[in-house]
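The values are calculated or read from the model by the stated rules, or taken from the named source; none is laboratory data. Since this is a predicted model, take the numbers as computed values, not measurements. Note that we place each Cβ from the backbone using ideal geometry, even for glycine, and neighbour counts take in every protein chain shown.
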Amino acid sequence: MNAPRAPLMPLDEALARLLANISPMAGTESVATFDADGRVLGTDIVSALQVPAFDNSAMDGYAVRSADAQTPGMVLKVTQRIAAGHMGQALQAGEAARIFTGAPVPPGADAVVMQEEAEVLPPQPDGLTEVRLSSAARAGQWVRQSGEDVQRGATVLAAGTRLGPAELGLAASLGLAHVAVAKRPRVALFSTGDELVMPGDVLPDALPPGAIYNSNRFFLKALLHRMGCEVSDLGIVPDQREATVAALKTAADHHDLILTSGGVSVGEEDHVKPAVQALGQLDLWQISMKPGKPLAYGQVRRSSRPGLAHFVGLPGNPVSSYITFLLMVRPLLLKLQGASCLAVPATPLAAHFDWPKGDKRREFLRVQRNAQGGLDLFPNQSSGVLTSVVWGDGVVDNPAGKTIAHGDVVQFLPFAEWLS
Ligand code: AMP
Ligand code: MG
């Protein structure tokens, strides 16, 4: 008779236990702002200047003193021309300055009239140009005030912010050619399983019976790169105790995390679990999640220096591996980098499908947003079906035991946010 099964661990508890073991890596490195996309900021960025640094025109038109331009039809003398990157002279009463977008508003002027509202009059005998303004000017109109974007001394980006294109642009607008970011986590990746064959080694026609291509290695490597990691791809470690111990030992010395897929199901004979146990410690969790469930977390001692490498063993089924990475490994990697935001927020959306039989585990159903703003369900939710992840643009986070009826509001987690 089988021993009674231990209750499954709630996913939130497993995640909390996992993250409790993770401290941010010490130290930061300086990288060129150009190359910092996806990195996590190691220190606050405090602005050393006002942005914009000076009052400037938001339009092509005429800089004026608003006091001179209170009546539509008012005529002003154009006494100067100011292009972006050039300084003008102080504006006197009755004068206007021809001005272009981004050019400094001259002293004395406090408004810009867009050129569409200014009629250039025929030149005067003295060669001066005049403009007639078709509308009154309000003080401040079409003037971008110094500091309206960023005030000097303001904390513009906080340590722990993950830098994306907009953040890089903002850092550059403060004059920063380099930023201090968390080091890249170094991750050793390997797969287990005698059935695995590498694409390119054997043509599809010649696949031996029982063999499958190693797909996890490809998406895990890509996912790790997205998370800012340096990846050592150790391939498939030979299915022998000595070789596995040796591989883990070397990996621990040079990496922050060792990530494997396969071989963590209960009762499975494989060499990774005992090898990790021999070099450190290992917990095997049965998590209330579907796809997913088995997950190994452990630590491998370093032989060459103090400290340890984290070990995560993902389930082998490709969809389980993929989803477990997003839910568990992604936050781990973000925490290692000191990121302040580890989770992806769910969006409530209407299910345009029925799910009449809730599972006893919390489910992550692959769905696609449809043109009506609702969610369609991929027909095959099996944990081996990678087409469900490609077709889907996210998952519904469905609590254990919950059924879904067409029209119910469900919690949608978009892949795009996880992968960004
Ligand atoms: P396991 O977790 O090792 O029991 O594997 C569960 C299922 O996932 C089995 O059908 C394996 O063949 C499959 N599997 C394991 N590793 C991989 C991999 N790297 N790529 C594709 N399928 C895999
Ligand atoms: Mg296996």
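Residue-level check: of (1) free of Cβ contacts under 8 Å to residues at least 60 places away in the same chain; (2) in contact with a strand residue (DSSP E or B) (Cβ under 8 Å, 6 or more places away or on another chain), residue 16 misses just (2). Once segment 199-217 is narrowed to residues that are touching a residue at least 12 places away in the same chain (Cβ under 8 Å) and outside any strand (DSSP E or B), the residue that is surrounded by the fewest Cβ atoms within 10 Å (Cβ to Cβ) is 210. Within segment 384-415, the set of residues being β-branched (Val, Ile, Thr), assigned to a strand (DSSP E or B) and over 16 Å from residue 219 (Cβ atoms) comprises 396, 404, 409, 410. For segment 391-404, the tally of residues that are surrounded by fewer than 16 Cβ atoms within 10 Å (Cβ to Cβ) and over 19 Å from the mean Cα position of the chain (by Cα) stands at 5. Taken as a whole, the condition of being among the small types (Gly, Ala, Ser), in contact (Cβ under 8 Å) with a residue 12 or more places away in the chain and near ligand 1 (Cβ under 10 Å from one of its atoms) does not apply to residue 232. Taken over segment 53-71, the criterion of being assigned to a loop (DSSP other than H, G, I, E, B) and in contact with a helix residue (DSSP H, G or I) (Cβ under 9 Å, 6 or more places away or on another chain) is satisfied by 59, 60.
Every test in (1) buried (at least 16 other Cβ atoms within 10 Å of the Cβ); (2) under 15 Å from residue 196 (Cβ atoms) is passed by residue 235 save one, and that test is (1). Here residue 356 passes the criteria (1) outside the structural domain of residue 321 (by TED's automatic domain parsing); (2) crowded, with 17+ Cβ neighbours inside 10 Å except the one numbered (2). Taken residue by residue, segment 91-100 has no member that is modelled with pLDDT of 95 or more, within 30 Å of residue 174 (Cβ to Cβ), surrounded by fewer than 16 Cβ atoms within 10 Å (Cβ to Cβ) and not hydroxyl-bearing (Ser, Thr, Tyr).
Could you list, in sequence order, the residues of segment 362-383 that are in a loop (DSSP other than H, G, I, E, B) and either surrounded by fewer than 16 Cβ atoms within 10 Å (Cβ to Cβ) or not assigned by TED's automatic domain parsing to the domain that holds residue 400 (or both)? Within segment 362-383, 370, 371, 372, 373, 379, 380, 382 meet the criteria.
A single entry from 188, 180 fulfils the requirement of being more than 16 Å from ligand 1 (Cβ to nearest atom) and either surrounded by 12 or more Cβ atoms within 10 Å (Cβ to Cβ) or touching a residue at least 12 places away in the same chain (Cβ under 8 Å) (or both): 180.
Cβ separations smaller than 8 Å between residues 6+ apart or across chains give the following pairs from segment 264-278 residues that are within 19 Å of residue 324 (Cβ to Cβ) to residues that are among the aromatic types (Phe, Trp, Tyr) and at pLDDT 65 or above: 276/311.
The number of residues in segment 31-78 that are at pLDDT below 95 and under 30 Å from residue 330 (Cβ atoms) comes to 0.
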